1. Which residue, of 70, 122, is modelled with pLDDT under 95 and either in contact with a His (Cβ under 8 Å, 6 or more places away or on another chain) or surrounded by 13 or more Cβ atoms within 10 Å (Cβ to Cβ) (or both)?
2. Among the residues of the stretch 43-61, is there at least one that is under 30 Å from residue 25 (Cα atoms), exposed (fewer than 13 other Cβ atoms within 10 Å of the Cβ) and free of Cβ contacts under 8 Å to residues at least 40 places away in the same chain?
3. Out of the stretch 66-100, which residues are aromatic (Phe, Trp, Tyr) and under 13 Å from residue 36 (Cα atoms)?
4. Output the residues belonging to the stretch 88-121 that are among the aliphatic types (A, V, I, L, M) and out of contact with any helix residue (DSSP H, G or I) (no Cβ under 8 Å at 6 or more places or on another chain).
5. Which of the residues that make up the stretch 106-119 are of a type in the set (A, V, I, L, M, F, W, C) and surrounded by 15 or more Cβ atoms within 10 Å (Cβ to Cβ)?
Amino acid sequence: MYTRTPIIVTLAITCAAQHAAAQDSHISLANEIINLLSATEICLNTCRDAASVQAVLPQLELLAQKAADIKERQSKLPDFTPAEDKEIARLIPTYTTLSKAIDAHLQRLADSGLMSPELRAILGYTQPDSPPTTN
């Protein structure tokens, strides 16, 4: 079965790859993270049944690879400057909104039994089967 990558995911990955060729900064990488989260949210939003979950796996795998690339590039940067810290703080509301949307999708998928082992592996998603007990 042939599936097409949604244009938004392709554009996000292409833009991020082109941007990576330029000099990285905390701000540029923070913007890449926002783009990555947005693309992830769009992918997860399309997951409504087992077939749509299966269809989105290649796109999510690409996004997971991009996340690993961003993490690697981030580790090579010096500490934040105060100016970078202020600029990145402006992205926090967008980051929070996207994170909450992704969390809601993950919960919906888990609740509906659509969190396949492949999807769990790509997303690094773990959810305990039962609450931990205390002795």
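1. 122
2. The answer is no; no qualifying residue exists.
3. Of everything in the stretch 66-100, just one residue is aromatic (Phe, Trp, Tyr) and under 13 Å from residue 36 (Cα atoms), namely 95.
4. 89, 92, 104, 110, 121
5. Once the filter is applied, which keeps residues that are of a type in the set (A, V, I, L, M, F, W, C) and surrounded by 15 or more Cβ atoms within 10 Å (Cβ to Cβ), the stretch 106-119 yields 106, 109, 114, 115, 119.
Matching residues to (1) under 21 Å from residue 93 (Cβ atoms); (2) modelled with pLDDT of 55 or more:
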residue	(1), (2)
4	no, no
37	yes, yes
40	yes, yes
60	no, yes
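The values are calculated or read from the model by the stated rules, or taken from the named source; none is laboratory data. All figures in this text were calculated on a predicted structure; none of them were measured in a lab. FYI the Cβ positions are ideal-geometry reconstructions off the backbone, even for glycines, and counts take in every protein chain you see.
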